[in-house]
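For reference, the structure is listed below as structure tokens.
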Amino acid sequence: MQDVPTLVAQAREGRPRAVARLISLVEGASPQLREVMAALAPLTGGAYVVGLTGSPGVGKSTSTSALVTAYRRAGKRVGVLAVDPSSPFSGGALLGDRVRMSEHSSDPGVYIRSMATRGHLGGLAWSAPQAIRVLDAAGCEVILVETVGVGQSEVEIASQADTSVVLLAPGMGDGIQAAKAGILEIGDVYVVNKADRDGADATARELNHMLGLGESRRPGDWRPPIVKTVAARGEGIAEVVEALEKHRAWMEERGVLGERRRVRAAREVETIAVTALRERIADLHGDRRLSALAERIVAGELDPYRAADELVAGLTTG
């Protein structure tokens, strides 16, 4: 068993090993998870969470690394959650973004963690909200969450980040992506990376056109900007940071930031409650109550919806 109060105190001091152990408790769904979350609750709320998503090959890791450099120059502590596909054998992260961000590995003001999705859809690990809370409590002022490159299923990042950044690149079929209902509906800031390639201007124009289709914004509403970058050379990154800060200021001015965080917290509570209910239902396999309901359905005495209502009622009161 881990000494949670000591780990939390050490994480607040910026000790990477303590942060790593807390996130490991989160990822492993440790029996101490409730104690960890209770200890972290009063220490959170100060971090600005930025989600980065996009199709494979657009340069998410390179862009994330460049943003880390920009924020560190501004004197901010930065946390990075790089969510990778799961290994079918170990369940661990395959790509290891920490290798690709090795230039920051010796910086005590940066904490980088790769997390496995473990089969969770939506481009995020199921434990990402709790891991974000750990980094927040550990004093990270900016948390960058880079999702796996799986395309349009990554829309879940919008429910976990204060600001969502969607990356595209010329010549990668993103025009087709833009024409569909998918990740291009969730962005607060759009980045056309690898802008030194042919077709970058055309990609930006097409993206601007797609964003304008069916647009029904009122005066004062946020208009997502489109920024062109060459992340590998750091070009355009200052403009991305500027766009992020403008969006944060706009959200704070209109109360949008607080509302997004309340919605995020509500979804997290719902997820925890539903998970607990599923676990209790799973424990019922072979239980006489479930078998009795099944027999009544087969006999035509009960429909599945009423049976489910009875089961849920029994679980919540029993």
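The values are calculated or read from the model by the stated rules, or taken from the named source; none is laboratory data. This structure is a prediction, so every number in the text was calculated from the model and none was measured. No Cβ is skipped: glycine too gets one built from the backbone with ideal geometry, and neighbour counts run over all protein chains shown. Side chains included, ligands, DNA and RNA excluded: accessible areas come from the protein's heavy atoms. Shrake-Rupley method; radii C 1.70, N 1.55, O 1.52, S 1.80 Å.
If you go through the range 55-106 and keep only what is part of a strand (DSSP E or B) and at pLDDT 85 or above, you end up with Val78, Gly79, Val80, Leu81, Ala82. Among the residues examined, Thr64 does not qualify as open to solvent by 40 Å² or more (accessible area, probe 1.4 Å), touching a residue at least 12 places away in the same chain (Cβ under 8 Å) and of a type in the set (Ser, Thr, Tyr).
Matching residues to (1) touching a residue at least 40 places away in the same chain (Cβ under 8 Å); (2) farther than 19 Å from Leu144 by Cα; (3) not acidic (Asp, Glu):
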| site | (1), (2), (3) |
| --- | --- |
| Pro5 | no, yes, yes |
| Met37 | yes, yes, yes |
| Thr44 | yes, no, yes |
| Gly54 | yes, no, yes |
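Residues in the range 281-318 that are outside any helix (DSSP H, G or I), open to solvent by 60 Å² or more (accessible area, probe 1.4 Å) and at pLDDT below 90: Asp283, His285, Gly286, Gly318. Within the range 21-49, being open to solvent by 30 Å² or more (accessible area, probe 1.4 Å), among the small types (Gly, Ala, Ser) and within 20 Å of the chain's Cα centre (by Cα) holds for Ser24, Gly28, Ala29, Ala41, Gly45, Gly46. For the range 261-280, the count of residues that are closer than 30 Å to Thr69 by Cβ, open to solvent by less than 50 Å² (accessible area, probe 1.4 Å) and hydrophobic (A, V, I, L, M, F, W, C) is zero. Among the residues of the range 202-251, those identified as open to solvent by 20 Å² or more (accessible area, probe 1.4 Å), touching a residue at least 60 places away in the same chain (Cβ under 8 Å) and either over 19 Å from Ser164 (Cα atoms) or not basic (Lys, Arg) (or both) are Ala232, Gly234, Ala238, Val241. Close Cβ contacts (under 7 Å, 6 or more residues apart or on different chains) running from residues in the range 287-303 that are within 14 Å of Gly314 (Cβ to Cβ) and in contact (Cβ under 8 Å) with a residue 60 or more places away in the chain to residues that are open to solvent by 80 Å² or more (accessible area, probe 1.4 Å) and of a type outside the set (Gly, Ala, Ser) are absent. Being in a helix (DSSP H, G or I), charged (D, E, K, R), more than 19 Å from the chain's Cα centre (by Cα) and at pLDDT below 95 is a description that applies to Arg278. Exactly one residue among Glu259, Glu268, Glu242, Glu295 is of a type in the set (D, E, K, R) and in contact with a strand residue (DSSP E or B) (Cβ under 9 Å, 6 or more places away or on another chain), and that residue is Glu242.
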